[in-house]
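> Below you'll find the structure I mean.
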Amino acid sequence: MPNSEDLKLTLGPLNVPNPFGRDRELKEIEKYISSNQNLILLGPRRVGKTTLLNAIEIRKSKEYNLIRYDCQSDRDISSFFANLLVSAKHPKIFVSSKGTKSNGEFKEERRIAEEIIKENKCSPFLIENIVSSDVKKSEEENIKDSTAFLLMLGYGELSNEKGDKPVVEEYKFAIHYNIPILCMIKGTDDDKRSNDVKWIIEDIENNRRGIYRKYENLEEFKKVLKDAIIENNEKWDKEKIDNLKKERYKNIGDIFFNSIKEQKDEKFLILIDELGELRHDKMIDDFESFLSYFGAKIKEMKVKNFTFVITGSENIFTSSYQKYFGSFWFLDTDVFNEETAKSFIARVLKLDNVNKYLDKIIEVCGTLPKDLVLMCYGLKEKEVNNEEIKDTLISVIRTPEFILEQQYLYLEKEDLDFLKNISQYLPASENEIKPYVSSKIFEKVSREQFILKENNGKYMFVSKLFWWRIMYDLYREKFEKFLKNILENG
């Protein structure tokens, strides 16, 4: 029996481990994940795929290193890979190369910094921890790859025994590659500092480069460093993403997949919502070339320390595109069946299971979960009757959410015209629709799951509320007639 959390009525995707009516889908998804099978969730918009991803994220958060990305947040393929990469790797903090953990002005601070960075789920880079024949090149490469640069300054000269100034060089690398700088300054007597140290501090202050903190003892150093990492981690990740997404998407993608490969002791669960939204990246001409690259990189991975769960509303994984996802299994996410929909309405509106209005509400709004939520949300404080159902329907569909042009910006004018024109003839069979539209446009909008064939063989909008909005705006007389027939004779 679902718990009370399952019936939490919210206008956005649910963020609960057991969403109402989705036991079967969750069991199926978990079965694929446990057997390390990549999975694609298909289904129309508003059916609840994001809710399923949210549930999986909650259920699996303790078992996996979770990576989550919503492609609707930024329809950019370089940004897509940049976000995956930053999520896959612990933030790397480069510690400036003044001395080592065993000698020098900062030997204690270096040891403490390494511990604090690790404790806060970041990856420290200290030059003494690696062996390199070209130290300067290694410093530059690792600073460029870092999330932040921890610059420690005191009083002494920055030159080493060879006369080189690695800290000055590292500082310049960080500026060149736009790496966030966290400067920890020992002591407070600035007059006693070396000229190089004074120059860097003045440069940071005058040009507002990153942040800097002063400390007087090791305990204060620990606290200040820990607080700074916690406070800035999210900001640093964002800046890292902004830097990365300027690169070509294949360059970032290669680094991402290599990062997964190198972390073979980790278990990654990668949840990607609405992959089809990346079709609208204006910086690339060929979405199919991206799918080809993405599918090939997943297939060539020899390590099995990751599982992808991807959603798509417009069936981008079918027909010609499907060949790029041969290593994936497919799972359809359907609208609720009538029994589940009735149970949902009855429990939310506190109606008994034989209430005469259950069938009327379903006939009006269908069984798409989001549409059911919107209708029930509008009716929950009212006495359910024909008049309230009509008023609620009109109130819901007149919101901007049901203006096709605003919700589906990528639809071409001929697609929009078709959907508006065909609405007056629905529900209808394919043969009944053919006289009014070209087969090419019909195939496109049905493939993208705007209209689908129902069990009775008739085509209808997956979201009846979108259909009602079109009827209300363009065919008001028919709107009134249809609705009156449902409410009086349903």
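> Name the one entry in Leu404, Leu372, Leu419 that is touching a strand residue (DSSP E or B) at 6+ places or on another chain (Cβ under 9 Å) and either surrounded by 13 or more Cβ atoms within 10 Å (Cβ to Cβ) or over 25 Å from His280 (Cβ atoms) (or both).
Unique residue meeting the criteria: Leu419.
> When the residues of the stretch 80-97 are narrowed to those that are of a type in the set (Gly, Ala, Ser) and not in a helix (DSSP H, G or I), which ends up nearest to the chain's Cα centre (by Cα)?
Ser96
> What's the total number of residues in the stretch 183-209 that are under 42 Å from the mean Cα position of the chain (by Cα) and free of Cβ contacts under 8 Å to residues at least 60 places away in the same chain?
Of the residues in the stretch 183-209, the ones under 42 Å from the mean Cα position of the chain (by Cα) are 183-186, 200-209.
Now drop any that are not free of Cβ contacts under 8 Å to residues at least 60 places away in the same chain, which leaves 183, 185, 200-209.
Of the residues in that region, 12 qualify.
> Kindly indicate whether Asn243 is over 17 Å from the mean Cα position of the chain (by Cα), modelled with pLDDT of 95 or more, under 19 Å from Tyr177 (Cβ atoms) and part of a helix (DSSP H, G or I).
No: the conditions fail for Asn243.
> Residue by residue through the stretch 422-438, note down the ones that are surrounded by 14 or more Cβ atoms within 10 Å (Cβ to Cβ) and either in contact (Cβ under 8 Å) with a residue 60 or more places away in the chain or not in a helix (DSSP H, G or I) (or both).
Leu426, Pro427, Ala428, Val437 - these are the residues of the stretch 422-438 that are surrounded by 14 or more Cβ atoms within 10 Å (Cβ to Cβ) and either in contact (Cβ under 8 Å) with a residue 60 or more places away in the chain or not in a helix (DSSP H, G or I) (or both).
> Tell me which residues, restricted to the stretch 179-202, are of a type outside the set (Val, Ile, Thr) and either within 17 Å of Ser97 (Cα to Cα) or surrounded by 13 or more Cβ atoms within 10 Å (Cβ to Cβ) (or both).
Within the stretch 179-202, Pro180, Leu182, Cys183, Met184, Lys186, Gly187, Asp190, Arg193, Ser194, Asp196, Lys198, Trp199 qualify.
> For the stretch 186-209, state whether one or more residues are small (Gly, Ala, Ser) and at pLDDT 95 or above.
Within the stretch 186-209, the subset small (Gly, Ala, Ser) is 187, 194.
Next cut, at pLDDT 95 or above only: none.
Checked the stretch 186-209: no residue is small (Gly, Ala, Ser) and at pLDDT 95 or above.
> While we're here: So Ile389 passes all but one of these: (1) touching a helix residue (DSSP H, G or I) at 6+ places or on another chain (Cβ under 9 Å); (2) part of a helix (DSSP H, G or I); (3) at pLDDT below 95. Which condition number does it fail?
Going through (1) touching a helix residue (DSSP H, G or I) at 6+ places or on another chain (Cβ under 9 Å); (2) part of a helix (DSSP H, G or I); (3) at pLDDT below 95 one by one, Ile389 breaks only (3).
> Still on this structure, I have one more. Restricting attention to the stretch 225-270, which residues are over 18 Å from Ala174 (Cα atoms), touching a helix residue (DSSP H, G or I) at 6+ places or on another chain (Cβ under 9 Å) and aliphatic (A, V, I, L, M)?
Within the stretch 225-270, Leu225, Ile252, Ile255, Ile260, Leu269, Ile270 meet the criteria.
> Under 28 Å from Pro44 (Cβ atoms), surrounded by fewer than 19 Cβ atoms within 10 Å (Cβ to Cβ) and among the acidic types (Asp, Glu): does that describe Glu288?
When the stated conditions are applied, Glu288 passes them.
> Among the residues of the stretch 77-97, count how many are touching a residue at least 60 places away in the same chain (Cβ under 8 Å), within 18 Å of Cys183 (Cβ to Cβ) and either crowded, with 23+ Cβ neighbours inside 10 Å or among the small types (Gly, Ala, Ser) (or both).
Summing the residues that are touching a residue at least 60 places away in the same chain (Cβ under 8 Å), within 18 Å of Cys183 (Cβ to Cβ) and either crowded, with 23+ Cβ neighbours inside 10 Å or among the small types (Gly, Ala, Ser) (or both) in the stretch 77-97 gives 4.
> Sticking with this one: Looking only at residues that are of a type in the set (D, E, K, R) and loosely packed, with under 14 Cβ neighbours inside 10 Å in the stretch 446-477, which one is nearest to Asp415 (Cα to Cα)?
Lys453
> A follow-up question, please. Test Lys382 against the stated conditions and say whether it is in a loop (DSSP other than H, G, I, E, B) and of a type in the set (Lys, Arg).
So Lys382 fits the description; yes.
> If I filter the stretch 33-68 down to residues being hydroxyl-bearing (Ser, Thr, Tyr) and under 13 Å from the mean Cα position of the chain (by Cα), which single residue comes out as nearest to Gly21 (Cα to Cα)?
Filtering the stretch 33-68 for residues that are hydroxyl-bearing (Ser, Thr, Tyr) and under 13 Å from the mean Cα position of the chain (by Cα), the one nearest to Gly21 (Cα to Cα) comes out as Thr51.
Residue-by-condition table, conditions (1) farther than 19 Å from Lys267 by Cα; (2) out of contact with any Asp or Glu (no Cβ under 6 Å at 6 or more places or on another chain); (3) assigned by TED's automatic domain parsing to the domain that holds Asp254; (4) part of a helix (DSSP H, G or I):
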| position | (1), (2), (3), (4) |
| --- | --- |
| Leu14 | yes, yes, no, no |
| Tyr32 | no, yes, yes, yes |
| Leu41 | yes, yes, yes, no |
| Pro44 | yes, yes, yes, no |
| Thr51 | yes, yes, yes, yes |
| Arg59 | no, yes, yes, yes |
| Glu63 | no, yes, yes, no |
| Tyr69 | no, yes, yes, no |
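The values are calculated or read from the model by the stated rules, or taken from the named source; none is laboratory data. The structure presented is a predicted model; accordingly, all values stated were derived computationally and were not measured. Quick reminder, even Gly has a Cβ in these numbers, built from the backbone with ideal geometry, and neighbours come from all protein chains shown.
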